[in-house]
1. Where the second residue is crowded, with 17+ Cβ neighbours inside 10 Å and of a type in the set (D, E, K, R) and the first is under 27 Å from residue 100 (Cα atoms) and lies in the stretch 46-62, which pairs have Cβ atoms under 6 Å and are six or more apart or on separate chains?
2. Mind checking whether some residue in the stretch 80-101 is of a type in the set (Gly, Ala, Ser) and surrounded by 15 or more Cβ atoms within 10 Å (Cβ to Cβ)?
3. When both residues are 6+ apart or on different chains and their Cβ atoms are under 6 Å apart, which pairs have a first residue that lies in the stretch 91-114 and is free of Cβ contacts under 8 Å to residues at least 40 places away in the same chain, and a second that is among the aliphatic types (A, V, I, L, M) and assigned to a helix (DSSP H, G or I)?
4. Looking only at the stretch 93-102, decide whether some residue is on the phi < 0 side of the Ramachandran plot and assigned to a loop (DSSP other than H, G, I, E, B).
5. Residues in the stretch 77-91: is at least one under 20 Å from residue 20 (Cα atoms), in contact with a Pro (Cβ under 9 Å, 6 or more places away or on another chain) and either outside any helix (DSSP H, G or I) or aromatic (Phe, Trp, Tyr) (or both)?
Amino acid sequence: MTVFAGFGADMVERTRAFALRVFKLCSALPNTPESWHMRDQLFRCATSVAANYRAALRAKSDRDYLNKLKICEEESDESDFWMDLLVACELVKQYKVEPLMKEANELTAIITASIITKRRNIKKSGGLKPA
């Protein structure tokens, strides 16, 4: 059960679903030394997107909110990188990760747009207030 509402709740669920889908992908990767590092990195950044988005909605200030969203932006983009590398290393077929890579890119775009909008709104309201 989530305590968030509206678009925030939708994004909390979407980032959580992304993390779960990446978990399933990671669980299916070969158990070899070559894949361990990439699996660990992908799992960490995908779950970080979900955790930090949720944390952003509970931010204590505009700076805190923007900082957490920037982390989400970086981690969703990094998720795409690790999936691309898994394909390049032939540890997974492109068609199997393509929907997840698309979702990572969409999440990155949505979060980037949210950052831009928040910055614009802060600027309109007179800037960041001291904490």
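1. Matching pairs, first to second residue: 48/75; 49/75; 50/16; 52/68; 55/68; 56/68.
2. no
3. 94/87; 101/83
4. Yes, the conditions are met somewhere in the stretch 93-102.
5. Of all residues in the stretch 77-91, those under 20 Å from residue 20 (Cα atoms) come to 77-87, 91.
Now drop any that are not in contact with a Pro (Cβ under 9 Å, 6 or more places away or on another chain), which leaves 91.
Of the ones still in play, those that are also either outside any helix (DSSP H, G or I) or aromatic (Phe, Trp, Tyr) (or both) are 91.
For the stretch 77-91, residues under 20 Å from residue 20 (Cα atoms), in contact with a Pro (Cβ under 9 Å, 6 or more places away or on another chain) and either outside any helix (DSSP H, G or I) or aromatic (Phe, Trp, Tyr) (or both): present.
Throughout, read-outs are computed from the coordinates displayed, never taken from laboratory work. Keep in mind the model is a prediction, meaning the values are calculated, not measured. Don't worry about glycine lacking a Cβ; one is built from the backbone with ideal geometry, like all the others, and counts go over all protein chains shown.
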